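The structure under discussion is supplied below as C-alpha cells; questions concerning it will follow.
The values are calculated or read from the model by the stated rules, or taken from the named source; none is laboratory data. Since the model is a prediction, treat every value here as computed from it, not as a measurement. Here the Cβ is made from the backbone with ideal geometry for all residues, glycine too, and neighbour counts use every protein chain on show. Please note that ligands, DNA and RNA were not included when accessible areas were found on the heavy atoms of the full protein model with its side chains. Shrake-Rupley method; radii C 1.70, N 1.55, O 1.52, S 1.80 Å.
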Amino acid sequence: MKLKKLAAMGAACGIAIAGLGVASMASAEPVSNSYSLVGSDTLQDAANAITNGTTLTGSLVRVTSTNKTLGSFDAFGSTAIQTKQGGPFFGRPAGSGAGVTALRASITGAAYSGNKGVPARTITGQVDIARSSSGPGTNANANGLLAYIPFGRDA
C-alpha cells in the first residue's frame with residue numbers, strides 16, 4: 001500500500017514539474033533575426049503555428065529559412081516587447097489597428113507608444129508584418145508602403 005502511495009506521489013510530482021517546464025517555455029517571447037509579426041489576436045494562433053511549427057495535419061509544417069528565425073508576438077502579454085536582438089523595448093501592439101500603426105512607425109521612423117504606461121519609442125525596422133483582421137480602409141495607398149494580403153475569405 002505504501003509503495004502505491006509513493007508511486008502515485010512520484011507520478012503527481014513528475015507531472016507537476018513537467019507542466020512547469022512547458023508553462024515557462026510557452027511564456028517566452030521570441031526575438032527575431034528576420035521578420036517580426038505583431039497585431040491582431042484573431043490571426044495570432046495561425047501565425048504562431050507557421051512560425052513555431054505545427055503537426056496538426058500530421059507532419060511538421062513550419063516556415064524556415066537558413067539561419068533566420070521568425071517572431072510572432074501575441075497581441076496580449078507583457079506590456080513591452082523587443083522584436084529584434086539589440087532593438088528597443090516598446091509597447092506591445094494589441095489588435096489590428098495597433099499592429100498596423102506599429103508597422104507604419106517601423107517603416108516611417110515615427111515614434112510608437114503602444115500600450116499605456118510605455119513611453120513612445122522610435123522602432124524603425126522592428127516590425128515587418130502586421131496581423132490585421134480588418135481591411136486596408138484609410139491605410140490603402142498607391143505607393144505600396146503598406147500592402148494588404150487577404151488571409152482568408154468568407155463564402
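Regarding segment 121-128, can at least one residue be identified that is open to solvent by 60 Å² or more (accessible area, probe 1.4 Å) and either within 13 Å of the chain's Cα centre (by Cα) or more than 18 Å from Ser72 (Cα to Cα) (or both)?
Yes, there is a match, as at least one residue in segment 121-128 is open to solvent by 60 Å² or more (accessible area, probe 1.4 Å) and either within 13 Å of the chain's Cα centre (by Cα) or more than 18 Å from Ser72 (Cα to Cα) (or both).
Quick check on Gly21: is it modelled with pLDDT under 70, open to solvent by less than 60 Å² (accessible area, probe 1.4 Å) and part of a helix (DSSP H, G or I)?
For Gly21, the condition - modelled with pLDDT under 70, open to solvent by less than 60 Å² (accessible area, probe 1.4 Å) and part of a helix (DSSP H, G or I) - is met.
Suppose we keep only residues that are among the basic types (Lys, Arg) and modelled with pLDDT under 80 within segment 109-155. Which one would you say is nearest to Ala80 (Cα to Cα)?
Lys116
Considering only segment 121-149, state which residues are touching a residue at least 12 places away in the same chain (Cβ under 8 Å), small (Gly, Ala, Ser) and assigned to a loop (DSSP other than H, G, I, E, B).
Gly125, Ser132, Ser133, Ser134, Gly135
Could you list, in sequence order, the residues of segment 47-90 that are open to solvent by 40 Å² or more (accessible area, probe 1.4 Å) and outside any loop (DSSP other than H, G, I, E, B)?
Hits for segment 47-90 are Ile50, Asn52, Thr54, Val61, Ser65, Lys68.
Give me the pairs: first residue in segment 45-64 and free of Cβ contacts under 8 Å to residues at least 40 places away in the same chain, second residue open to solvent by 80 Å² or more (accessible area, probe 1.4 Å) and of a type in the set (Lys, Arg), beta-carbon distance under 9 Å, and six or more apart or on different chains, which are they?
Ala49/Arg62; Ile50/Arg62; Thr51/Arg62; Asn52/Arg62; Gly53/Arg62; Thr54/Arg62
Which numbered condition trips up Gly109, out of (1) of a type in the set (Gly, Ala, Ser); (2) more than 13 Å from the chain's Cα centre (by Cα); (3) open to solvent by 60 Å² or more (accessible area, probe 1.4 Å)?
With respect to (1) of a type in the set (Gly, Ala, Ser); (2) more than 13 Å from the chain's Cα centre (by Cα); (3) open to solvent by 60 Å² or more (accessible area, probe 1.4 Å), Gly109 is out only on (3).
Turning to a different aspect of this structure: Just the residues that are out of contact with any Phe, Trp or Tyr (no Cβ under 6 Å at 6 or more places or on another chain) and without any contact (Cβ under 8 Å) to a residue 40 or more places away in the chain, please, taken from segment 93-111.
Answer for segment 93-111, where residues must be out of contact with any Phe, Trp or Tyr (no Cβ under 6 Å at 6 or more places or on another chain) and without any contact (Cβ under 8 Å) to a residue 40 or more places away in the chain: Gly97, Thr101, Ser106, Ile107, Thr108, Gly109, Ala110, Ala111.
Hey, Ser133 hits all of (1) surrounded by fewer than 18 Cβ atoms within 10 Å (Cβ to Cβ); (2) over 15 Å from Val38 (Cα atoms) but one; which does it fall short on?
Condition not satisfied by Ser133: (2).
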